[in-house]
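Here the structure comes first, spelled out in structure tokens, and everything after it is commentary.
The values are calculated or read from the model by the stated rules, or taken from the named source; none is laboratory data. As the structure is a computational prediction, the values presented were derived from the model and not from experiment. For neighbour counting, all protein chains shown are included, and Cβ atoms are generated from backbone atoms with ideal geometry for every residue, glycine included. Just the protein is used for accessible areas: all its heavy atoms, side chains included, with ligands, DNA and RNA removed. Shrake-Rupley method; radii C 1.70, N 1.55, O 1.52, S 1.80 Å.
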Amino acid sequence: MRDRHASRAARRDREFEAFVAGAAGRLLHTATLLTAEAPDGNPRARRLLTLSLARTYACWDRLRGEDPYDHTRQHLATRFARGAWHHHGVLGRFRPHPAGPLAPLTPQERLILVLRLYEGVAEQQTAALLGLSEDRVRAVCHRATSVLLHRARGPAPSVTAAKVVPS
């Protein structure tokens with residue numbers, strides 16, 4: 001009996017290690033985008049990922065055919081949203097010091113943008129995961145994209161009159 005449990009635990013550990021080896025890089029990048037930290041200095045993103053992977057490991061046997069990547073991503077997103085709400089009162093108020101490319105966005109805008117555009121999660125799934133309407137998800141995604149595009153362009157160059165120098 002003990003041997004059966006030990007072999008099951010060893011198989012579970014191998015499966016989970018293989019999953020982490022294949023998915024941890026992308027999940028860390030997702031967490032880094034969510035926390036708006038610089039890619040080389042991302043302690044909040046690493047903690048968020050570690051907690052999400054621990055949750056996935058804890059329920060590994062109960063996944064039964066579910067995609068562990070999807071499960072971990074969902075937990076990552078909900079944990080980020082809950083943490084942003086808990087620490088800052090409202091999901092939209094906190095703006096970190098600019099470090100990452102998505103730093104000018106609110107946590108809600110980052111979350112929706114990362115899920116929709118980086119992870120490719122459908123509007124319906126994003127809305128269900130966050131408890132928002134599809135219209136709200138679409139509007140926030142559009143607003144976040146506009147903020148990033150306008151920031152990337154920068155201010156319009158001023159037009160100055162060229163001086164003509166007589167020869």
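I'd like the full set of residues that are at pLDDT 95 or above, surrounded by fewer than 14 Cβ atoms within 10 Å (Cβ to Cβ) and among the aliphatic types (A, V, I, L, M), limited to the range 129-167.
Hit for the range 129-167 is Ala139, nothing else.
Here is a yes/no grid of residues against (1) among the aliphatic types (A, V, I, L, M); (2) closer than 30 Å to Ala144 by Cα:
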site	(1), (2)
Glu17	no, no
Gly22	no, yes
Leu28	yes, yes
Ala31	yes, yes
Ala38	yes, yes
Ser52	no, yes
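When the residues of the range 98-112 are filtered to those that are over 12 Å from the mean Cα position of the chain (by Cα) and more than 18 Å from His29 (Cβ to Cβ), which remaining residue is surrounded by the fewest Cβ atoms within 10 Å (Cβ to Cβ)?
Among them, the one singled out is Pro98.
Restricting to the range 1-56, count the residues that are open to solvent by 50 Å² or more (accessible area, probe 1.4 Å), closer than 15 Å to Val114 by Cβ and not in a helix (DSSP H, G or I).
1
Across the range 1-42, what is the number of residues that are closer than 17 Å to Leu102 by Cα and under 14 Å from the mean Cα position of the chain (by Cα)?
Step one: of the range 1-42, the residues closer than 17 Å to Leu102 by Cα are 26-42.
Checking which are under 14 Å from the mean Cα position of the chain (by Cα) leaves us with 26-39, 42.
Number satisfying all stated conditions: 15.
List, please: which pairs have Cβ atoms under 7 Å, are six or more places apart or on different chains, and start with a residue in the range 40-67 that is under 19 Å from Ala10 (Cβ atoms) and end with one that is of a type in the set (Ser, Thr, Tyr)?
Short answer, once both residue conditions are applied: Leu53/Thr72; Thr56/Thr72.
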